[in-house]
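Data block below; observations after.
The values are calculated or read from the model by the stated rules, or taken from the named source; none is laboratory data. Since the structure is predicted, the reported quantities are computational estimates derived from the model, not experimental observations. Positions of Cβ are generated from backbone atoms using ideal geometry, with glycine treated the same way; all protein chains shown enter the neighbour counts. The area values use the complete protein model at the heavy-atom level, side chains included, leaving out ligands, DNA and RNA. Shrake-Rupley method; radii C 1.70, N 1.55, O 1.52, S 1.80 Å.
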Amino acid sequence: QVQLVESGGGLVQSGGSLRLSCAASGRDFSTSTMAWFRQAPGKERELVAAISFSDGRVTYADSVKTRFTISREIAKNTAYLQMNVLKTEDTAVYYCAGRGDNLFYRVPEFYTWWGQGTQVIVSS
């Protein structure tokens, strides 16, 4: 049974930084894609960033590409999202998601596994 467990959310002031972690278990993730989505109140869930565990390819939403960095630690089956220069509009619940191949999709429905989410609040 695959499990994704996020951690690292919290309250931070505008301009600050946070690092989210997603620890995966339950299968071999070496050929998987792991992604971070976020959902703000009243808005649709959107892709923030994704990474291929096999070759490290990454993709980002335009709104975060100069501020956020996604990475992975293969030995720990863990994906990270380093978030710098946070803005109030980054406030959302952040979800870790995964699928069993190295393809990137921006549609949440194309991801098989999901974590429970971690809240990020950026205050002004």
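Results, tabulated for the structure shown:
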| item | result |
| --- | --- |
| Most positive-pole-ward Cα, ALA24, LEU11, TYR111, against dipole of the chain from beta carbon charges | LEU11 |
| Distance from the range 108-124 to the range 22-57 (C-alpha centre basis), Å | 9 |
| Residues of the range 11-124: accessible area per residue with a 1.4 Å probe, Å² | 49 |
| Fraction of accessible area attributable to carbon and sulfur, the chain (%, probe 1.4 Å) | 48 |
| Net charge of neighbours whose Cβ lies under 14 Å from the Cβ of VAL85, counting Lys and Arg as +1 and Asp and Glu as -1 | +2 |
